[in-house]
Amino acid sequence: MSEKAILFDSSRCTACRGCQVACKCWNGLPSTLEKNGNPSTGSYQSPMDLNGDTRLLISFHEEAGGDKGVKWAFGRRSCQHCTDAPCATICPGGALKKDEATGFVSVDESKCIGCRYCSTACPFDVPQYHGDTSKINKCTGCLDRVEQGLAPACVTTCQPQALMFGDREEMLSIARERVDYLHGKGYADAALYGEDEVGGLHVIQVLKHGVEAHGQVVDPQVNPMVGLTQIMKPVTGAVTGLTVAGLAAMFVLGIGYKRDKLAYNPETDDTISVDTGEVVKHGDGQDEETVMEHITENLPGKKGGNR
């Protein structure tokens with residue numbers, strides 16, 4: 001199976017939000033009851049942002065201008081399914097996983113440990129959590145449908161064909177042609193979004209009034225923390241192994257062994273055993289032995305060790 005992509009064409013979108021309903025129906029997600037924004041300004045957008053029960057929403061952006069005094073710029077707010085998916089990279093439990101065949105990033109809530117690393121790593125602020133379970137929830141690209149040869153639920157319900165689905169290269173080709181068409185109609189800011197961002201997205205967008213006007217992130221960047229965690233993985237693995245080995249050694253050595261209490265006499269430069277009174281060391285009172293030397297110096301068979 002070749003890489004797939006959802007194409008969102010904002011110039012065709014009527015903001016009917018049928019896609020939102022289809023998403024909830026297919027995934028068995030309840031609708032949240034909330035007021036739409038500030039009562040003094042109002043908003044047609046509902047809900048105001050993604051949440052644990054909403055994987056997809058159409059955003060409403062109003063600008064002055066247009067034939068009726070307002071210029072609508074509808075946007076699509078959902079997972080972008082990045083090629084270099086930082087959420088999947090950073091997830092320690094394997095709850096987020098990129099499907100190499102399609103490019104979509106799936107979710108397995110049973111593996112989510114609620115660390116919220118993915119939420120921090122996502123440049124689009126997409127991953128959200130169920131309030132009661134603290135488990136991750138986001139768009140999966142309807143991978144369960146796609147693997148059966150079907151289109152994502154949101155795409156199947158879009159009447160004005162603002163949403164399309166197919167091979168990623170085909171969707172990119174259609175999007176380029178549409179942007180060129182919009183430029184020819186006088187929409188100079190029309191832009192293609194998703195071709196290269198974060199390694200290439202699997203949600204391709206035609207943004208009629210430009211990237212910012214439709215609420216998309218200009219030049220999205222992956223949180224540097226993601227790269228740092230990958231660098232630290234082998235280090236922390238090695239340190240963990242040494243720590244376990246060290247604790248085990250300390251436990252074994254602690255059985256039947258007690259280190260002498262030492263005291264330093266600055267007048268004679270002698271280090272003396274408090275228990276026996278013998279001079280253990282003459283000279284600088286600072287301990288020059290390493291931790292490992294301290295641990296192993298009294299092992300059976302070691303020179304000077306207890307036998």
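The values are calculated or read from the model by the stated rules, or taken from the named source; none is laboratory data. These figures come from a predicted structure and were not determined experimentally. All accessible areas refer to the heavy atoms of the entire protein, side chains included, with ligands and DNA or RNA removed. Shrake-Rupley method; radii C 1.70, N 1.55, O 1.52, S 1.80 Å.
Structural remarks
- Note, ³J(HN,Hα) from phi for the stretch 7-12, Karplus 6.51, -1.76, 1.60, rounded to Hz, x at Gly and Pro: 9, 10, 10, 5, 6, 9
- Heavy-atom accessible surface of the stretch 101-200, averaged per residue, reaches 48 Å², computed with a 1.4 Å probe.
- Derived scalar couplings between HN and Hα for the stretch 103-117 equal x, 7, 9, 8, 10, 10, 4, 5, 9, 6, 9, x, 6, 6, 4 Hz in order, rounded to whole Hz, by the Karplus curve 6.51 cos²θ - 1.76 cosθ + 1.60 (θ = phi - 60°), x for Gly and Pro.
- Entries of LYS111/LYS208; LYS4/LYS111; LYS138/LYS208; LYS4/LYS71 with Cα pairs more than 30 Å apart: LYS111/LYS208; LYS4/LYS71
- Taking amide hydrogens as placed 1.01 Å from N in the peptide plane, the amide H of CYS82 sits under 5 Å from those of HIS202, each at least 5 positions away in sequence or on another chain.
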